[in-house]
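Asks: Structure in structure tokens, see below.
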There are 2 protein chains.
Amino acid sequence: MTFGQFIRDRRERLRETDRRFSVRQVAQRICVEPAYLSKIEREEVAPPSEEKIRALAQELGEDVDVLLAMAGKVSSDLLAIIRKRPTLFADLIRQLKSSPDHAILRVVRKVRDGDW
Amino acid sequence: MTFGQFIRDRRERLRETDRRFSVRQVAQRICVEPAYLSKIEREEVAPPSEEKIRALAQELGEDVDVLLAMAGKVSSDLLAIIRKRPTLFADLIRQLKSSPDHAILRVVRKVRDGDW
DNA sequence: TTTAGTGTGTAGTATATAGTACACATGACA
DNA sequence: TGTCATGTGTACTATATACTACACACTAAA
């Protein structure tokens, strides 16, 4: 599923039980023109900026990192972390490229719990 | 040290022993106009595209990820890896944000050697 | 003393990014 | 039966990105 399709799907799903989720009203809450949101959903234009994607994620109750990924982007806070120690993170990420999810999750948990 | 300064420094250092490292000749080898490389080094313009930064890194014998980081960028191959599993990598990277280098290095080695 | 190479100033361009503004037809509803 | 809200078509716009093209003054070597 692409970004626009996904947004439309989620918004319409919410709309079934809440009239506040019309294109117009959502557009107003995330501070864009209704026509623009409409075009985003129909993929007549590229996905919006990170800022607007964050607002959309908030509004629709979806994960920001997932929405950004669908939009072909990576959260700017992650980029900043990587840029501070480029070789370290580059090595790590390339290393984990072909690791299964459960291996990465284990690393996340180990680091979080500090049991090294 | 900023990107432009760094490039100028490394190029001039190489130039001391090799006349092939003039602005003009390096520019030609990385396929840009000499005036443009000159401006990049003096930071009259923003750093160039990832492609040109890669060529520069190759040319000057420097690390691509470090040069990209200095230019405020992150390698597109890393972005692609993150985008494929956004929440997993987002959690991991945020988790490691405040971990010391040696802890991250240990993870890299553990994953590489597969000794889990 | 020509000539070949050097760095840089000025001016301009093509394409992408991230939208706005307004008008219009349609549908709901009071 | 008017009016209010809805989604969308069309036409722009401003700013950023990523450069090119040419000219000029200076320097070093032949």
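Asks: Please list, or write none, the aspartates and glutamates whose alpha carbon is within less than 19 Å of the alpha carbon of A:LYS39, excluding same-chain residues fewer than 8 places away.
Replies: Of all the aspartates and glutamates, those that pass the test against A:LYS39 - Cα under 19 Å, at least 8 places apart if same chain - are A:ASP9, A:GLU12, A:GLU50, A:GLU51, A:GLU59.
Asks: Tally Lys/Arg at +1 and Asp/Glu at -1 over every other residue whose Cβ is under 13 Å from the Cβ of B:ALA71; what's the total?
Replies: Net charge in that neighbourhood comes out at -3.
Asks: Where along chain A is the Cβ that lies nearest the axis linking it to chain B, and how many Å separate them?
Replies: A:VAL107, 3
Asks: If you place +1 on the Cβ of every Lys and Arg and -1 on the Cβ of every Asp and Glu, how big does the dipole about the Cα centre of chain A come out, in debye to the nearest 20?
Replies: Roughly 160 debye, rounded to the nearest 20.
Asks: Taking a point 7 Å out from Cα toward Cβ as the label site, list the nm distances between B:LYS84 and the same residue in every other copy, smallest first.
Replies: Here B:LYS84 shows inter-copy label distances of 2.7 nm.
Asks: Filter the GluC sites (Glu not before Pro) in the range B:8-109 to those in DSSP coil with at most 10 other Cβ atoms within 10 Å of their Cβ, and list the result. Before the final figure, lay out the partial values.
Replies: On the way: sites: B:GLU12, B:GLU16, B:GLU41, B:GLU43, B:GLU44, B:GLU50, B:GLU51, B:GLU59, B:GLU62; in loops: B:GLU16, B:GLU43, B:GLU44, B:GLU62.
In loop regions of the range B:8-109 (DSSP not H, G, I, E or B), the sparsely surrounded GluC sites (Glu not before Pro) are B:GLU16.
Asks: If you count, for every residue in B:64-75, the Cβ atoms of partner chains within 10 Å of its Cβ, what is the mean?
Replies: 5
Asks: Can you work out the accessible area per residue across chain A, with the rest of the protein chains kept in place, probe 1.4 Å, in square angstrom?
Replies: Here the per-residue accessible area is 56 Å².
Asks: On average, how many beta carbons from a partner chain sit within 10 Å of the beta carbon of a residue in A:97-105?
Replies: Rounded to a whole number, the mean comes out at 3.
Asks: Placing a label point 7 Å from Cα toward Cβ, how far apart in nm is A:GLN28 from its equivalents in the other copies, listed shortest first to one decimal?
Replies: 6.4
Asks: Moving to a separate point now. When the Cα centres of the range B:1-25 and the range A:1-72 are compared, how far apart do they sit, in Å?
Replies: Centre-to-centre distance over Cα atoms comes out at 47 Å.
Asks: Put a label point 7 Å from Cα along the Cβ direction on A:LYS110, then list its distances to the equivalent points in the other copies in nm, shortest first.
Replies: Once sorted, the set of distances for A:LYS110 reads 0.2 nm.
Asks: Also: Using a probe radius of 1.4 Å on protein heavy atoms only, what is the accessible area buried between chains B and A, both sides summed, to the nearest 100 Å²?
Replies: 3800
The values are calculated or read from the model by the stated rules, or taken from the named source; none is laboratory data. Everything quoted here is computed from the prediction, not taken from an experiment. All Cβ positions, even for glycine, are placed from backbone atoms using ideal geometry, and neighbour counts span all protein chains on display. Surface accessibility is based on the protein's heavy atoms, side chains included, excluding ligands, DNA and RNA. Shrake-Rupley method; radii C 1.70, N 1.55, O 1.52, S 1.80 Å.
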